Structure formats: C-alpha cells, structure tokens
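Nothing in this text is a laboratory measurement; each read-out follows from the coordinates by a stated rule. Note that the coordinates shown come from a computational prediction; the quantities given were computed from them, not determined experimentally. Cβ atoms come from the backbone with ideal geometry, glycine included; neighbour counts cover every protein chain shown.
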Amino acid sequence: MRRRLKAQKKYKRIILIQVLVILALGVVWVLCTKCNGTALQATNPVIESASSDSLPEADSLVDNPKPSTIEDENPDTADKDFLLGKTDFSHHPDFTNLESRYGTAGLPIRKDVYNAFKEMYAAALEDGIELRILSAARNWSRQRSIWEGRLNSLGWRASMSRQDKVRIMQQALQYVSMPGISRHHWGTEIDLNNLEPSYFTRGQGKRILDWLKLHAAEHGFYQTYTDKAETGRTGFSNEPWHWSYKPLSQGFFQAYLRHVSYTDFVGFTGAELAEDVQAIELYVEGINPILK
Ligand SMILES: [Zn+2]
C-alpha cells in the first residue's frame, strides 16, 4: 500500500515537472519571437521604410510605422545625383516642356511647378500682369557652361594665383551659380520676365514685382534671393526675377544639406575652390529664410 502511494507521488511529481518544462518553453518561445521582431525593426531600415507595394508583409512586422516624410514621397530628395543636377529632364517622368504662351517654348519644367505656375499666371492676368518664364529647370551640364562662360568673361586663366581665382569666382557668384549649387537643378525655381534688376524698379517691371510680392505665396512661390539688407541673408545678389516653389524646394533644400558635401564638387572650372568661397554655407544656405 505504502509502495503504491509512493509510486503515485512520484508519478504526480513527474507530471508537475513536465507541465513546468512546457510552461518554461512557452515563455522562452514568446520572448524570442518579440526579441526577433524588435531586432528586425532596428537593423533593417528597408523593412521600416519599404512601401506596401514592394513588401506586402512589412506592415505586420512594424508596430509603429515611421510617419510619412517628404523623403518617402519623393525619391529624388534622397538621390544625390539629382540634387546636384545630374538629371536628364527629357527622360524624367516629373518633367515636361514649357508651352510658348507661358514663356520660352520648350524649356524643361517640373510638372507640379508648371501646374502651380499656370494658376498664378491666370490670377496675374486678371490683374493685368503677364508673367513669362525665361528659365526653369537647368541641369548640371547646362549650368557648367553658363558658369565657365561667366568665369572666362571675367578674365579667368588657369595660370592665375589661387587668390585671384577665388576673387573671380566671388565676382561670378553675384548672379551666376556654379554647377552643383543651383536650385534650378531641382526644377523648383523659375526666372520671370526679365533678368535685369533695374527692370523691376519702375513701370511694368515694378508692377510685376509688386504683384508677385503680394500674391505669389498664394500659389506656393517665394522670392529666393531677396534684398540682403532686409533678411540678413548671404550669397547671391537680390534677384527679383527668381521665384521658388516652396512645397517642393524646401524638401530638396533640406535633403541637399544632408547629402551633399564639398567632395561632390568635381568636373568644372574652379571646383577645387568651392570650399574657399564657402559655396554651401554662403550661397546654398544664403536664401530667403522662409524657404528653409
Ligand atoms: Zn534663377
């Protein structure tokens, strides 16, 4: 009898141990699953930012998906070549060509900017103002030829001292951008009606500028290179003709500061002196503060 009781006790103990082992295994399994999920999120940015098109199961892996940013919506903001202007606009889906009624026919222009401009154009026309686009998107090669042409006209020679070269570059940079720092690369900027500052000081030119200052912001456009004395900005001189489409250019500007550095400036006259003239700090960053 005692032996039977003893056997029953032993049998119960074995069952209890088995239950405890199963429970312990269950806890370990749950912990591991959680642990893997966290590690996957932390080490795999592709999963975190992948669109549901490319990775349907991504959502189920991420408890708190990253909030949408400009960078997610526009792949160009993370593309350094695009930010530097190395773009073939004729093969880029976001670009088209300007029609003659809006300015110089055939100019490459960003579609979103074009649509916003057409609305602004119609509003201005109702007030007796005719806006005309003289320049819109310009790529790196186009800007290089403008830049090198300007340096040559100012007397640039390869044999000059570093100091003289810097002086000529600073002179050129009053109105002309070197390739790689022009906001026209992004397709967000438009030059309107006339490229002479004096045109905007009287008559129809002044009326156009006054209208833009009052109404352009209603359509997303802001003057990029404002009066330096008014805003305390550095860089290019006042350009009353140059307007930026802020809904897009703000994201490109911020991405530019994150992705581009002086080592990216190569392949044009004066490239090795870009840091001497502080091309990024004084010129890229020297814009109307409202666009930052
Ligand atoms: Zn411009």
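Whole-percent P(r), the range 150-194, all Cα pairs, 5 Å bins from 0: 5, 19, 23, 19, 15, 9, 7, 2. Residue exposure proxy: I146, I109, ordered by other Cβ atoms within 10 angstrom of their Cβ from fewest to most, comes out as I146, I109.
Run the numbers on the range 71-291 and let me know its relative contact order in percent, using alpha-carbon pairs under 8 Å that are six or more apart. Don't skip to the end; give the middle numbers.
Values: 327 pairs, mean separation 50.4, N = 221.
Contact order relative to length: 23 percent.
For D88 and S161, a Förster radius of 41 Å and the Cβ-Cβ distance give a FRET efficiency of 0.65, rounded to the nearest 0.05.
With 0.36 nm allotted per residue and the present C-alpha distance subtracted, the D127-K206 stretch has 27.0 nm of extension available.
Using mean Cβ contacts within 10 Å as the protection proxy, how do 246-257, 196-207, 178-189 order, highest first? Before the final figure, lay out each step's value.
Numbers: 246-257: 19.8, 196-207: 13.4, 178-189: 25.2.
Ranking, from highest mean packing down: 178-189, 246-257, 196-207.
Full extension of the chain between K292 and K80 yields a length gain of 74.5 nm, computed as 0.36 nm times the residue separation minus the alpha carbon distance. If you average the C-alpha positions of the range 80-148 and of the range 209-270 separately, how far apart do those two centres end up, in angstrom? One Cα centre to the other: 15 Å.
Compute the length gained on full extension between D276 and L154: take 0.36 nm times their separation in residues and subtract their Cα-Cα distance, giving the result in nm to one decimal.
Values: separation 122, 0.36 × 122 = 43.92 nm, distance 1.83 nm.
That pair, D276 and L154, stretches by 42.1 nm at full extension.
Using the scaling law 2.2 N^0.38 Å as the reference, what is the normalised Cα Rg of the range 71-291? Walk me through the numbers on the way to the answer.
Values: Rg = 17.1 Å, N = 221, 2.2 N^0.38 = 17.1 Å.
Normalised by 2.2 N^0.38 Å, the Cα Rg of the range 71-291 equals 1.00.
Simple spin-label estimate for E196 and S145 gives 2.5 nm between the two label positions (7 Å along the Cα-to-Cβ direction from each Cα). The ranking of D94, D88 from fewest to most other beta carbons within 10 Å of each one's beta carbon is D88, D94.
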